[in-house]
Amino acid sequence: MPTKVEKDSISGQDTTGHEWDGIKELDTPCPKWWLYTWYACIAYAIGMFVVYPSIPYGKGYFHGVTGYSQRKMVDADVGKLVAQRKGSMDKIAALSFEQIKADPNLLEVAMTSGRITFAENCQPCHGPGGGGNPGYPALAAGAWIWGGTLDDIQQTVTHGIRSADPDARQSAMPRFGADGTLKPAEIQAVADYVWATFYGHATTGKDVSAGAKIFAENCAACHGDAGLGNRDMGAPKLSSQVHLYGDAHDTIVNQVTLPRQGVMPNWGARLDPATIKAVTLYVHALGGGE
Ligand code: HEC
Ligand code: HEC
(Lines give C-alpha, C1' and ligand atoms only; values in the text may rest on other atoms or scores of the structure.)
(Ligands and ions follow the chains in the order given, each with its own letter.)
Protein backbone atom coordinates (compact mmCIF):
# COMPACT_ATOMS: atom_id res chain seq x y z
CA MET A 1 0.00 0.00 0.00
CA PRO A 2 1.38 3.44 -0.91
CA THR A 3 2.17 5.35 2.20
CA LYS A 4 1.85 9.09 2.62
CA VAL A 5 3.76 11.26 0.08
CA GLU A 6 6.74 12.86 1.75
CA LYS A 7 9.92 14.66 0.84
CA ASP A 8 13.17 12.77 0.58
CA SER A 9 15.46 14.18 3.22
CA ILE A 10 18.66 13.96 1.10
CA SER A 11 17.55 15.19 -2.38
CA GLY A 12 14.63 17.26 -1.16
CA GLN A 13 12.47 15.69 -3.89
CA ASP A 14 8.96 14.25 -3.45
CA THR A 15 8.68 10.51 -3.12
CA THR A 16 5.95 8.44 -4.80
CA GLY A 17 5.03 6.96 -1.46
CA HIS A 18 6.29 3.51 -2.49
CA GLU A 19 8.70 1.98 -0.06
CA TRP A 20 10.48 -1.37 0.01
CA ASP A 21 12.62 -2.39 2.93
CA GLY A 22 13.21 1.23 3.78
CA ILE A 23 14.13 2.26 0.24
CA LYS A 24 11.80 4.98 -1.05
CA GLU A 25 11.03 5.73 -4.70
CA LEU A 26 11.66 9.31 -5.76
CA ASP A 27 9.00 10.97 -7.93
CA THR A 28 11.44 12.22 -10.61
CA PRO A 29 9.68 14.15 -13.40
CA CYS A 30 10.33 13.20 -17.06
CA PRO A 31 13.11 15.23 -18.69
CA LYS A 32 11.69 18.29 -20.42
CA TRP A 33 13.23 17.47 -23.81
CA TRP A 34 11.51 14.08 -23.72
CA LEU A 35 8.18 15.48 -22.62
CA TYR A 36 8.08 18.17 -25.35
CA THR A 37 9.15 15.69 -28.03
CA TRP A 38 6.31 13.48 -26.92
CA TYR A 39 3.77 16.36 -27.07
CA ALA A 40 5.08 17.25 -30.52
CA CYS A 41 4.57 13.64 -31.69
CA ILE A 42 0.96 13.68 -30.49
CA ALA A 43 0.30 16.99 -32.25
CA TYR A 44 1.94 15.65 -35.45
CA ALA A 45 -0.15 12.45 -35.33
CA ILE A 46 -3.38 14.42 -34.93
CA GLY A 47 -2.31 16.62 -37.85
CA MET A 48 -1.66 13.55 -40.04
CA PHE A 49 -5.05 12.07 -39.07
CA VAL A 50 -6.75 15.23 -40.26
CA VAL A 51 -4.72 15.78 -43.45
CA TYR A 52 -4.44 12.20 -44.75
CA PRO A 53 -6.90 9.27 -45.02
CA SER A 54 -7.12 7.77 -41.55
CA ILE A 55 -10.06 6.58 -39.49
CA PRO A 56 -12.04 3.63 -40.94
CA TYR A 57 -15.78 3.47 -40.41
CA GLY A 58 -18.31 0.96 -41.72
CA LYS A 59 -17.45 0.31 -45.37
CA GLY A 60 -15.53 3.55 -45.90
CA TYR A 61 -12.95 5.68 -44.17
CA PHE A 62 -12.21 9.32 -43.42
CA HIS A 63 -10.46 10.56 -46.60
CA GLY A 64 -8.54 13.40 -44.92
CA VAL A 65 -8.80 17.05 -45.94
CA THR A 66 -6.39 16.56 -48.90
CA GLY A 67 -8.15 13.44 -50.27
CA TYR A 68 -4.69 11.95 -50.91
CA SER A 69 -4.88 8.57 -52.77
CA GLN A 70 -1.98 6.63 -54.24
CA ARG A 71 -4.43 4.63 -56.32
CA LYS A 72 -5.66 7.84 -57.96
CA MET A 73 -2.08 8.90 -58.65
CA VAL A 74 -1.28 5.56 -60.30
CA ASP A 75 -4.50 5.74 -62.33
CA ALA A 76 -3.52 9.22 -63.52
CA ASP A 77 -0.01 8.01 -64.52
CA VAL A 78 -1.42 4.98 -66.33
CA GLY A 79 -3.99 7.21 -68.04
CA LYS A 80 -1.21 9.46 -69.33
CA LEU A 81 0.75 6.47 -70.63
CA VAL A 82 -2.33 4.98 -72.31
CA ALA A 83 -3.03 8.32 -74.00
CA GLN A 84 0.58 8.48 -75.21
CA ARG A 85 0.39 4.91 -76.47
CA LYS A 86 -3.08 5.25 -77.95
CA GLY A 87 -1.80 7.18 -80.92
CA SER A 88 0.64 4.38 -81.76
CA MET A 89 -1.84 1.57 -81.14
CA ASP A 90 -4.44 3.32 -83.33
CA LYS A 91 -1.84 3.47 -86.10
CA ILE A 92 -0.98 -0.22 -85.63
CA ALA A 93 -4.68 -1.07 -85.92
CA ALA A 94 -5.01 0.94 -89.13
CA LEU A 95 -1.81 0.03 -90.99
CA SER A 96 -0.82 -3.18 -92.76
CA PHE A 97 1.94 -5.42 -91.36
CA GLU A 98 4.29 -4.16 -94.11
CA GLN A 99 3.61 -0.53 -93.22
CA ILE A 100 4.18 -1.17 -89.51
CA LYS A 101 7.47 -2.95 -90.25
CA ALA A 102 8.60 0.00 -92.36
CA ASP A 103 8.27 2.39 -89.38
CA PRO A 104 10.97 1.54 -86.79
CA ASN A 105 9.33 3.51 -83.98
CA LEU A 106 5.95 1.94 -84.55
CA LEU A 107 7.50 -1.51 -84.85
CA GLU A 108 9.22 -1.01 -81.52
CA VAL A 109 5.92 -0.12 -79.82
CA ALA A 110 4.29 -3.17 -81.43
CA MET A 111 7.08 -5.53 -80.36
CA THR A 112 7.01 -4.22 -76.78
CA SER A 113 3.25 -4.56 -76.59
CA GLY A 114 3.52 -8.02 -78.24
CA ARG A 115 6.14 -9.22 -75.79
CA ILE A 116 4.06 -8.16 -72.77
CA THR A 117 0.87 -9.61 -74.25
CA PHE A 118 2.66 -12.88 -74.98
CA ALA A 119 4.08 -13.15 -71.46
CA GLU A 120 0.69 -12.49 -69.91
CA ASN A 121 -1.55 -14.56 -72.19
CA CYS A 122 0.35 -17.07 -74.28
CA GLN A 123 3.39 -18.15 -72.28
CA PRO A 124 1.46 -20.35 -69.82
CA CYS A 125 0.62 -22.70 -72.71
CA HIS A 126 3.29 -22.04 -75.35
CA GLY A 127 6.23 -21.63 -72.99
CA PRO A 128 8.77 -18.82 -72.62
CA GLY A 129 9.92 -17.51 -75.99
CA GLY A 130 7.32 -19.77 -77.64
CA GLY A 131 9.45 -22.86 -76.98
CA GLY A 132 6.35 -25.02 -76.70
CA ASN A 133 5.08 -27.59 -74.19
CA PRO A 134 3.61 -31.07 -74.77
CA GLY A 135 0.24 -30.42 -76.42
CA TYR A 136 1.05 -26.74 -77.05
CA PRO A 137 3.00 -26.14 -80.24
CA ALA A 138 6.43 -24.54 -80.32
CA LEU A 139 5.90 -21.22 -82.07
CA ALA A 140 9.58 -20.44 -82.51
CA ALA A 141 10.47 -23.69 -84.30
CA GLY A 142 9.07 -22.97 -87.75
CA ALA A 143 7.15 -26.27 -87.64
CA TRP A 144 3.78 -24.69 -88.31
CA ILE A 145 0.63 -26.79 -88.10
CA TRP A 146 -1.64 -24.14 -89.60
CA GLY A 147 0.83 -21.69 -91.11
CA GLY A 148 3.47 -19.19 -90.11
CA THR A 149 2.93 -16.09 -92.23
CA LEU A 150 1.80 -12.94 -90.42
CA ASP A 151 -1.70 -13.36 -91.88
CA ASP A 152 -1.87 -17.04 -90.85
CA ILE A 153 -0.82 -16.24 -87.29
CA GLN A 154 -3.22 -13.29 -87.05
CA GLN A 155 -6.07 -15.53 -88.21
CA THR A 156 -5.17 -18.30 -85.71
CA VAL A 157 -4.82 -15.89 -82.79
CA THR A 158 -8.02 -13.96 -83.57
CA HIS A 159 -10.34 -16.93 -84.10
CA GLY A 160 -8.56 -19.77 -82.33
CA ILE A 161 -8.46 -23.48 -83.10
CA ARG A 162 -11.47 -25.67 -82.23
CA SER A 163 -12.70 -22.73 -80.14
CA ALA A 164 -16.26 -21.44 -79.84
CA ASP A 165 -15.58 -18.81 -82.55
CA PRO A 166 -17.57 -19.61 -85.75
CA ASP A 167 -14.45 -18.77 -87.82
CA ALA A 168 -12.16 -20.95 -85.72
CA ARG A 169 -9.82 -23.33 -87.51
CA GLN A 170 -11.44 -26.74 -87.38
CA SER A 171 -10.12 -30.25 -87.89
CA ALA A 172 -10.68 -33.52 -86.14
CA MET A 173 -8.42 -36.52 -86.37
CA PRO A 174 -10.72 -39.59 -86.16
CA ARG A 175 -10.86 -41.56 -82.91
CA PHE A 176 -9.48 -44.72 -84.52
CA GLY A 177 -9.07 -46.68 -81.28
CA ALA A 178 -11.98 -45.31 -79.25
CA ASP A 179 -14.40 -45.85 -82.17
CA GLY A 180 -12.99 -49.31 -82.98
CA THR A 181 -11.95 -48.39 -86.55
CA LEU A 182 -8.54 -49.83 -85.84
CA LYS A 183 -7.79 -52.76 -83.50
CA PRO A 184 -5.08 -52.35 -80.84
CA ALA A 185 -2.67 -54.51 -82.89
CA GLU A 186 -3.22 -52.31 -85.94
CA ILE A 187 -2.64 -49.20 -83.86
CA GLN A 188 0.65 -50.65 -82.61
CA ALA A 189 1.61 -51.48 -86.22
CA VAL A 190 0.86 -48.03 -87.61
CA ALA A 191 2.61 -46.42 -84.62
CA ASP A 192 5.68 -48.58 -85.31
CA TYR A 193 5.65 -47.34 -88.90
CA VAL A 194 5.24 -43.66 -87.98
CA TRP A 195 7.85 -43.89 -85.22
CA ALA A 196 10.43 -45.58 -87.43
CA THR A 197 9.83 -43.87 -90.74
CA PHE A 198 8.81 -40.32 -89.82
CA TYR A 199 10.04 -39.79 -86.26
CA GLY A 200 13.34 -41.33 -87.36
CA HIS A 201 13.85 -43.97 -84.67
CA ALA A 202 15.79 -47.04 -85.78
CA THR A 203 13.65 -50.15 -85.52
CA THR A 204 15.45 -53.34 -84.61
CA GLY A 205 14.94 -54.99 -87.96
CA LYS A 206 11.15 -54.84 -87.48
CA ASP A 207 8.98 -55.22 -90.57
CA VAL A 208 6.74 -52.13 -90.63
CA SER A 209 5.07 -52.85 -93.98
CA ALA A 210 1.75 -53.74 -92.28
CA GLY A 211 1.83 -50.33 -90.58
CA ALA A 212 2.71 -48.64 -93.89
CA LYS A 213 -0.43 -50.10 -95.46
CA ILE A 214 -2.62 -48.98 -92.56
CA PHE A 215 -1.08 -45.51 -92.79
CA ALA A 216 -1.72 -45.22 -96.52
CA GLU A 217 -5.35 -46.21 -96.04
CA ASN A 218 -6.22 -44.26 -92.90
CA CYS A 219 -3.76 -41.47 -92.30
CA ALA A 220 -2.21 -40.27 -95.55
CA ALA A 221 -5.33 -38.34 -96.55
CA CYS A 222 -4.51 -35.81 -93.83
CA HIS A 223 -0.85 -36.32 -92.95
CA GLY A 224 0.33 -37.01 -96.52
CA ASP A 225 2.03 -40.13 -97.95
CA ALA A 226 5.42 -38.84 -96.88
CA GLY A 227 4.11 -37.56 -93.52
CA LEU A 228 4.62 -33.95 -94.56
CA GLY A 229 1.34 -32.84 -92.99
CA ASN A 230 -1.41 -30.66 -94.40
CA ARG A 231 -2.03 -27.13 -93.23
CA ASP A 232 -5.55 -26.94 -94.61
CA MET A 233 -6.42 -29.90 -92.38
CA GLY A 234 -4.29 -28.68 -89.46
CA ALA A 235 -2.62 -32.09 -89.66
CA PRO A 236 0.90 -31.80 -88.23
CA LYS A 237 3.95 -32.79 -90.21
CA LEU A 238 4.99 -36.19 -88.85
CA SER A 239 8.36 -36.42 -90.60
CA SER A 240 9.90 -33.89 -88.27
CA GLN A 241 11.94 -33.57 -85.10
CA VAL A 242 9.35 -31.22 -83.60
CA HIS A 243 6.25 -32.97 -82.29
CA LEU A 244 3.14 -31.50 -80.74
CA TYR A 245 2.77 -34.34 -78.23
CA GLY A 246 6.37 -35.46 -77.90
CA ASP A 247 8.66 -38.01 -79.41
CA ALA A 248 7.69 -41.22 -77.59
CA HIS A 249 6.12 -44.28 -79.25
CA ASP A 250 3.35 -44.17 -76.61
CA THR A 251 2.26 -40.68 -77.64
CA ILE A 252 1.57 -41.96 -81.17
CA VAL A 253 -0.42 -44.94 -79.84
CA ASN A 254 -2.41 -42.64 -77.54
CA GLN A 255 -3.06 -40.11 -80.31
CA VAL A 256 -4.37 -42.77 -82.73
CA THR A 257 -6.47 -44.33 -79.96
CA LEU A 258 -8.04 -41.07 -78.75
CA PRO A 259 -6.79 -37.83 -80.36
CA ARG A 260 -6.49 -34.92 -77.97
CA GLN A 261 -7.74 -32.24 -80.36
CA GLY A 262 -6.30 -29.34 -78.38
CA VAL A 263 -8.14 -26.05 -78.16
CA MET A 264 -6.47 -22.70 -78.81
CA PRO A 265 -8.61 -19.84 -77.43
CA ASN A 266 -10.06 -17.20 -79.79
CA TRP A 267 -8.26 -14.09 -78.58
CA GLY A 268 -10.43 -11.83 -80.71
CA ALA A 269 -12.95 -12.08 -77.87
CA ARG A 270 -10.44 -10.77 -75.31
CA LEU A 271 -7.80 -8.64 -77.03
CA ASP A 272 -8.35 -5.65 -79.30
CA PRO A 273 -7.24 -5.95 -82.96
CA ALA A 274 -4.15 -3.73 -82.47
CA THR A 275 -2.93 -5.90 -79.59
CA ILE A 276 -3.48 -9.04 -81.67
CA LYS A 277 -1.46 -7.49 -84.49
CA ALA A 278 1.31 -6.63 -82.04
CA VAL A 279 1.47 -10.17 -80.59
CA THR A 280 1.35 -11.56 -84.14
CA LEU A 281 4.43 -9.52 -85.08
CA TYR A 282 6.13 -10.71 -81.88
CA VAL A 283 5.33 -14.41 -82.50
CA HIS A 284 6.42 -14.11 -86.13
CA ALA A 285 9.77 -12.71 -85.00
CA LEU A 286 10.43 -15.49 -82.47
CA GLY A 287 12.41 -17.38 -85.07
CA GLY A 288 9.93 -19.38 -87.13
CA GLY A 289 8.08 -16.68 -89.07
CA GLU A 290 7.48 -17.25 -92.77
C1 HEC B 1 -4.91 -22.59 -73.15
C2 HEC B 1 -3.70 -22.80 -73.87
C3 HEC B 1 -3.32 -21.80 -74.94
C4 HEC B 1 -3.11 -20.45 -74.82
C5 HEC B 1 -3.25 -19.61 -73.56
C6 HEC B 1 -2.67 -19.98 -76.09
N7 HEC B 1 -2.63 -21.01 -76.98
FE8 HEC B 1 -1.97 -20.90 -78.90
N9 HEC B 1 -2.42 -22.88 -79.15
C10 HEC B 1 -2.89 -23.73 -78.19
C11 HEC B 1 -3.07 -25.07 -78.73
C12 HEC B 1 -3.55 -26.29 -77.99
C13 HEC B 1 -2.67 -24.98 -80.08
C14 HEC B 1 -2.63 -26.13 -81.11
C15 HEC B 1 -3.96 -26.61 -81.51
C16 HEC B 1 -3.83 -27.68 -82.59
O17 HEC B 1 -3.72 -27.31 -83.76
O18 HEC B 1 -3.89 -28.85 -82.23
C19 HEC B 1 -2.29 -23.60 -80.32
C20 HEC B 1 -1.83 -23.10 -81.53
C21 HEC B 1 -1.37 -21.82 -81.76
C22 HEC B 1 -0.88 -21.33 -83.02
C23 HEC B 1 -0.81 -22.13 -84.30
C24 HEC B 1 0.53 -22.78 -84.41
C25 HEC B 1 0.76 -23.50 -85.69
O26 HEC B 1 1.65 -24.35 -85.69
O27 HEC B 1 0.09 -23.21 -86.70
C28 HEC B 1 -0.51 -20.03 -82.83
C29 HEC B 1 0.08 -19.08 -83.86
C30 HEC B 1 -0.78 -19.71 -81.44
N31 HEC B 1 -1.31 -20.81 -80.81
C32 HEC B 1 -0.55 -18.47 -80.88
C33 HEC B 1 -0.95 -18.13 -79.59
C34 HEC B 1 -0.86 -16.79 -79.06
C35 HEC B 1 -0.25 -15.59 -79.78
C36 HEC B 1 -1.39 -16.84 -77.82
C37 HEC B 1 -1.58 -15.70 -76.83
C38 HEC B 1 -2.33 -14.55 -77.31
C39 HEC B 1 -1.80 -18.22 -77.55
N40 HEC B 1 -1.51 -18.95 -78.66
C41 HEC B 1 -2.33 -18.66 -76.36
C42 HEC B 1 -3.15 -23.40 -76.87
C43 HEC B 1 -3.03 -22.15 -76.33
C1 HEC C 1 -8.92 -35.96 -90.61
C2 HEC C 1 -7.49 -35.76 -90.65
C3 HEC C 1 -6.59 -36.75 -89.90
C4 HEC C 1 -6.47 -38.10 -90.12
C5 HEC C 1 -7.26 -38.98 -91.07
C6 HEC C 1 -5.41 -38.53 -89.22
N7 HEC C 1 -4.92 -37.48 -88.52
FE8 HEC C 1 -3.40 -37.54 -87.19
N9 HEC C 1 -3.71 -35.59 -86.74
C10 HEC C 1 -4.69 -34.80 -87.30
C11 HEC C 1 -4.75 -33.55 -86.57
C12 HEC C 1 -5.69 -32.40 -86.87
C13 HEC C 1 -3.78 -33.63 -85.55
C14 HEC C 1 -3.39 -32.58 -84.48
C15 HEC C 1 -4.44 -32.22 -83.47
C16 HEC C 1 -5.01 -33.31 -82.62
O17 HEC C 1 -5.94 -33.97 -83.07
O18 HEC C 1 -4.60 -33.51 -81.49
C19 HEC C 1 -3.14 -34.92 -85.69
C20 HEC C 1 -2.09 -35.35 -84.92
C21 HEC C 1 -1.45 -36.58 -85.07
C22 HEC C 1 -0.25 -36.97 -84.38
C23 HEC C 1 0.51 -36.14 -83.35
C24 HEC C 1 1.61 -35.42 -84.09
C25 HEC C 1 2.53 -34.67 -83.17
O26 HEC C 1 3.21 -33.75 -83.69
O27 HEC C 1 2.62 -34.96 -81.97
C28 HEC C 1 0.06 -38.22 -84.80
C29 HEC C 1 1.23 -39.06 -84.37
C30 HEC C 1 -0.93 -38.60 -85.76
N31 HEC C 1 -1.82 -37.55 -85.91
C32 HEC C 1 -0.96 -39.81 -86.41
C33 HEC C 1 -1.99 -40.22 -87.21
C34 HEC C 1 -2.15 -41.56 -87.69
C35 HEC C 1 -1.17 -42.68 -87.44
C36 HEC C 1 -3.28 -41.59 -88.43
C37 HEC C 1 -3.92 -42.78 -89.10
C38 HEC C 1 -4.19 -43.92 -88.30
C39 HEC C 1 -3.83 -40.24 -88.44
N40 HEC C 1 -3.04 -39.45 -87.67
C41 HEC C 1 -4.98 -39.85 -89.15
C42 HEC C 1 -5.49 -35.11 -88.37
C43 HEC C 1 -5.64 -36.38 -88.89
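The values are calculated or read from the model by the stated rules, or taken from the named source; none is laboratory data. Given the structure is predicted, the values throughout are model-derived calculations rather than measurements. When we count neighbours, we look across all protein chains shown, and the Cβ atoms used for this are built from the backbone with ideal geometry, even at glycine. For accessibility, only protein heavy atoms count, side chains too; no ligands or nucleic acids. Shrake-Rupley method; radii C 1.70, N 1.55, O 1.52, S 1.80 Å.
Check each of the chymotrypsin sites (Phe, Trp or Tyr not before Pro) in region 146-223 and keep only those in coil by DSSP with at most 14 other C-beta atoms within 10 angstrom; list them in order.
In loop regions of region 146-223 (DSSP not H, G, I, E or B), there are no sparsely surrounded chymotrypsin sites (Phe, Trp or Tyr not before Pro).
Could I have the simple spin-label model distance between Val82 and Arg231, label points 7 Å from Cα toward Cβ, reported in nm to one decimal?
Rounded to a tenth, the inter-label distance reads 3.7 nm.
Give the Cα extents of the chain along the principal axes, in whole Å, largest first.
Dimensions of the chain along the principal axes of its Cα atoms: 118, 56, 35 Å.
Using a probe of 1.4 angstrom, how much of the accessible area of the chain is carbon and sulfur, in percent?
Roughly 59 percent of what the probe reaches on the chain is carbon or sulfur.
If you count, for each residue, the other Cβ atoms within 10 Å and average over each peptide, how do 50-59, 110-119 line up from highest to lowest?
Highest to lowest by the protection proxy: 110-119, 50-59.
How many nm is it between the label spots at Thr37 and Ala202, if each spot is 7 Å from the Cα in line with the beta carbon?
Calculated label separation equals 8.3 nm.
Hey, got the dipole for the chain? About the Cα centre, +1 on K and R Cβ, -1 on D and E Cβ, debye to the nearest 20? Could the numbers behind the result be given before it?
Numbers: 24 positive and 29 negative charges, 110 e Å.
Dipole size: approximately 520 debye.
What are the semi-axes of the equivalent ellipsoid of region 184-257, taken as the square roots of 5 times the eigenvalues of the Cα gyration tensor, listed largest first and rounded to whole Å?
Over the Cα atoms of region 184-257, the ellipsoid semi-axes are 18, 14, 12 Å.
Counting only the backbone N, which residues of region 28-45 are under 18 Å from the spot 7 Å out from the Cα of Phe62 toward its beta-carbon?
Hits in region 28-45 for Phe62 at 18 Å: 41-45.
Straight-line reach only, C-alpha to C-alpha below 23 angstrom: list the lysines that Lys24 could link to, leaving out same-chain residues fewer than 8 apart.
Lys4, Lys7
Expressed as a whole number of Å, what is the distance separating the alpha-carbon centroids of region 165-227 and region 94-124?
First find each Cα centre; the distance between them is then 39 Å.
Can you list which of the DSSP-assigned H helices in the chain have a Cα extent of 27 Å or more along the long axis and an average Kyte-Doolittle score of at least 0.5? Let's see the in-between values first.
Working: long enough: 32-51 (28 Å, 1.11); 70-94 (35 Å, -0.47).
Both cut-offs are met by 32-51.
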